[in-house]
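Structure first, then comments.
The values are calculated or read from the model by the stated rules, or taken from the named source; none is laboratory data. Note that this is a predicted model, so its numbers are computed, not measured. Quick reminder, even Gly has a Cβ in these numbers, built from the backbone with ideal geometry, and neighbours come from all protein chains shown. Calculation scope for accessible area: heavy atoms of the full protein, side chains included, ligands and nucleic acids excluded. Shrake-Rupley method; radii C 1.70, N 1.55, O 1.52, S 1.80 Å.
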Amino acid sequence: MKIDTNEEVFTSDKVAAAAGCSEATLRQWRNRYAFLENTVTGGMEVKRFSLSDICVVRAIKVLTDYGLSARDAIYLANHRMGLRKLFAALLSKSHRVQTLLSIRPGKSEHEAFEFSLFGPEHFAEAMAHSGGIMTVFDLNVVVQHVFNHFEQQNKK
């Protein structure tokens, strides 16, 4: 069975549980930072989220747990590289996606951060390019966390 990673079938409570954050935190990110802005309605209607959305929310949760501000983590999600696009490609397995994301401080006031994707075989090269320090984020770990959550829910 092929998963449609962009089909919006999950409610916010399921998203928050799978991502490991509270619904209030998710709502705050959406309203304050226009995060996943296609899900902000201003009304009481139930919005649905995709599997890609859940992975992005989990990524934001992990990044904020490790010291990035919510604003900066959401900047990364909304950046031209786009975590949602990366997760959709990774989940669909339709494209080969490099799964390690390096995050470094930007070199100008216009770019808060620099990002690059690479595979494990290029770690030393990426580290050398970074000047010896970078934050590395593994997209596969995020996806595995989300899948593990749903697998545990199905066992209950």
_Answer residue from the stretch 16-31, given it is assigned to a helix (DSSP H, G or I) and open to solvent by 20 Å² or more (accessible area, probe 1.4 Å) and is farthest from Val141 (Cα to Cα) among those_ = Asn31
*asked:* If I ask for residues that are closer than 12 Å to Cys55 by Cβ and either open to solvent by 30 Å² or more (accessible area, probe 1.4 Å) or in a strand (DSSP E or B) (or both), which ones from the stretch 69-89 would you list?
replied: Arg84, Lys85
*Filter the stretch 98-148 for residues that are more than 18 Å from Asp72 (Cα to Cα), exposed (fewer than 15 other Cβ atoms within 10 Å of the Cβ) and aliphatic (A, V, I, L, M) and give the result.*
Ala124, Ala128, Ile133, Val141
*Here are Val56, Val46: which of them is without any contact (Cβ under 8 Å) to a residue 40 or more places away in the chain, surrounded by 21 or more Cβ atoms within 10 Å (Cβ to Cβ) and of a type in the set (Val, Ile, Thr)?*
Val56
*asked:* Looking at Asp13, Asp4, Asp65 in this structure, which one is modelled with pLDDT of 90 or more, open to solvent by 40 Å² or more (accessible area, probe 1.4 Å) and farther than 19 Å from Ala77 by Cα?
replied: Asp13
